[in-house]
Amino acid sequence: MSKGKNPIDRFEKLLTTRWLQILLGCLSIIAFVALWVLASMYLEESGSDKAVFLPGPRTVADAFFDSFESLPGLSDPAIGYRVTMWDLILSSMGRFLSGFFVAFMLAFPLGLLMGSLKTVESLGRPIVEIFRPIPPLAWVPIFVLIFGAFWGPAGIVFLGAFFPILINVIFGVKSVDVTLIDAARTLGAKRSDIFLKVVVPATVPYLMTGVKIGLGVAWMCIVAAEFIGIQGGTGLGYWLSLSSMTYGLYPYTYAAMIMIAILSTLTTGLAGLLEQRFYKWSGMK
Amino acid sequence: MQKKLMILAVIVVAIVVIASVAAVFLMRDNGGDENVVYYTTMAPSLMDSWLAENQTSAYIAWEPYASSALVAGTGRALLWTNEIMPHHPCCVVLGWTPFIESDLGGNVTGVNMTLRFLKAHIEATEWVNDALADKHSVEYNQLVDMAVGFTLRNASVVEEAFNHVSYGYEMNASFESALTQFTEMYIASNIVTNATLNLLGYDNSTEFVGDYVNDSYLAATTGIVPSPTILNPDDPIRLGYLAGDLHQMAQVVAMNKTSFGGTSLFEKYGLNVAKLTAFASGPAEMLAFKAGSVDIGYLGAPPAIQKRLNDRTDTVILAQANSEGSALIVSKNSDVHELKDLVGKTVATPGEGSIQHLLLKIALSREGIAFIKG
């Protein structure tokens, strides 16, 4: 234990553990980019007809930055009308956040109820088990037709996020340490107090796990749901399909994929940050 | 304390969500309806019913879907596409280069099969034009029957639609210059870049179109005579076409056996032709070409150009199938009487890559109106 206190030892520790990790991390990214460059160059040089589908990193980077200036096909330079990546992000985020918000607001309380009340669980379980196995994407055509361009894809996001949150919260409620509840009861806590001050806080880590899983699923959902853009709105999924299938502007397709990765990382990261905050504040970790 | 924090967190999340959603809607509204016409894309067969239900204010489609609303009395034509660009090219016959260059031994070569295919295409096109010239002929009735079967619209719709399509196979200078104009438009809107042209070995769009349009096959069909045997019994030509597109009647006629004494025109010239499942759009058919699952296909010239360049789909334009024959349809009682009246409204198109979409975009652009996804 004395090792950590000496600055030289600490540096040595950083060098042998963290530094190596950082180095390996960098190496892996460099190797990935190098492989990407080689693969796209190989396809191009060998005259493969698949070459257009794998543009090099440089081309993709150019398309990525160009996307924030103007998206070809959606913009009309002849009359100075511009559509950019920001428009796509706004479109997708609006649907994403709406769907996720509704899922959270319903799944969390419902999970608490189902976890703590046997009657509610007996009522809810069968319904949940009927609908949970249906992949959210299976609902895309119906949802888009019924709920339209905004709430259709948002509804798919809702389905994608709802079940992971619900299931995790139910599990969380059931995992609450019985001794904690007994202790609270011994100290004279009322049922409502036990629920609000013992059960609910103890469920939060499980809730956050559900939220993080739900966020990941929700991003998959929004992209696929926007593929079917029968009516209304753009969005990243719409552009993914349009730029590749219709226009053959593959660098822009990859640029949109990178943007989705960034947004997904941001939202999951934000959830992780909230979780850490909660742990720190509640003294769990 | 914990409860308060939870509530606070929920409120913060709620505000963020509501603000973002509001922002999205506000931004859309502020986008200004002043100089914008919105579009949505769908299969042409759905368009007349969407218009009848007022879910869209107009649609632009190939025949017979343009005429179906006219005959039903629910719509009227605001604009025919030949008013946007007279004699504009439309559908073409496209060959997959690896197919044309293929050699199955003997005289079963891709070139021989292509020439025979084109011969049947020419004969079918001439047959269509002859049938249309005399509306009391047996052939005319046969043509209408075939069209009804292919498009799933009734005879009166099909007959009206035939009035608006001109069929022809020859590729003249104005055909090439129109394709050059399309290519230039794609370059101007950054859908295609000059770098792509250069990469494929062309200095400019004229040079590209000159190479892409290859009329030497059409010229070489004069030597083709009917064949008593089928050249390719085990390797049918895989034929691509668009769903219910009346512009592509030549392939419907050439496939038909009953009207030609039990032998189709393709068979007359010794060809075994297998129709693929209909494609929903030109870009979709071009993807199938790219994947190597179509040998010869009928589709609009614009997606063929765009995908030849951006996807480098190895194809060549062999013949024309038709020109003109699409229209912008609005509700009969609609207050839309000119293009400008469409501002702020939604038009259905067959897809961003289609010629109908492109021509409408040209027409709106001339009025200074943007055509954007609604």
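The values are calculated or read from the model by the stated rules, or taken from the named source; none is laboratory data. These figures come from a predicted structure and were not determined experimentally. Neighbour counts run over all protein chains shown; Cβ positions are idealised from the backbone, glycine included. Surface areas here come from the heavy atoms of the whole protein model, side chains and all, with no ligands, DNA or RNA. Shrake-Rupley method; radii C 1.70, N 1.55, O 1.52, S 1.80 Å.
Selection over the range B:162-198 of residues that are part of a loop (DSSP other than H, G, I, E, B) and within 14 Å of chain A (Cβ to nearest Cβ) gives a count of 5. Only strands (runs of 3 or more DSSP E) whose full extent lies in the range B:28-118 are considered here, and the ones with at least 1 residues that are of a type outside the set (S, T, N, Q) and more than 25 Å from B:Gly325 (Cα to Cα) are B:36-41, B:91-96. Restricting the range B:176-191 to residues that are open to solvent by 20 Å² or more (accessible area, probe 1.4 Å) and among the aliphatic types (A, V, I, L, M), the residue that is nearest to A:Pro251 (Cα to Cα) is B:Ile187.
Total residues in the range B:235-259 satisfying the condition of being assigned to a loop (DSSP other than H, G, I, E, B) and either without any contact (Cβ under 8 Å) to a residue 24 or more places away in the chain or open to solvent by less than 70 Å² (accessible area, probe 1.4 Å) (or both): the figure is 7. With the structure loaded, tell me whether B:Ala274 is in a strand (DSSP E or B), away from chain A (no Cβ under 14 Å) and surrounded by fewer than 18 Cβ atoms within 10 Å (Cβ to Cβ) or whether it fails that test. When the stated conditions are applied, B:Ala274 passes them.
Can you give me the number of residues within the range A:156-212 that are open to solvent by 60 Å² or more (accessible area, probe 1.4 Å), more than 24 Å from the chain's Cα centre (by Cα) and closer than 21 Å to A:Leu274 by Cα? Residues flagged as open to solvent by 60 Å² or more (accessible area, probe 1.4 Å), more than 24 Å from the chain's Cα centre (by Cα) and closer than 21 Å to A:Leu274 by Cα within the range A:156-212 amount to 2. Of the residues A:Val102, A:Val83, A:Val157, the single one that is of a type in the set (Val, Ile, Thr), touching a residue at least 40 places away in the same chain (Cβ under 8 Å) and under 30 Å from B:Arg366 (Cβ atoms) is A:Val83.
Residue-wise test of (1) at pLDDT 95 or above; (2) touching a Phe, Trp or Tyr at 6+ places or on another chain (Cβ under 6 Å); (3) within 22 Å of B:Ala66 (Cβ to Cβ).
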| site | (1), (2), (3) |
| --- | --- |
| B:Arg116 | yes, yes, no |
| B:Ala120 | yes, yes, no |
| B:Ala131 | yes, yes, yes |
| B:Val144 | yes, no, yes |
| B:Thr151 | no, no, yes |
| B:Val157 | no, no, yes |
| B:Ser174 | no, no, no |
| B:Gln181 | no, no, no |
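Tallying residues that are under 17 Å from the mean Cα position of the chain (by Cα) and open to solvent by 10 Å² or more (accessible area, probe 1.4 Å) within the range B:45-61 yields 2. Out of B:Ala120, B:Ala133, B:Ala161, which single residue is of a type outside the set (Ser, Thr, Tyr) and surrounded by fewer than 24 Cβ atoms within 10 Å (Cβ to Cβ)? Answer to the selection: B:Ala133.
For B:Gly282, the test of being buried (at least 24 other Cβ atoms within 10 Å of the Cβ), more than 14 Å from every other protein chain (Cβ to nearest Cβ) and either within 30 Å of B:Glu53 (Cα to Cα) or at pLDDT 95 or above (or both) is failed.
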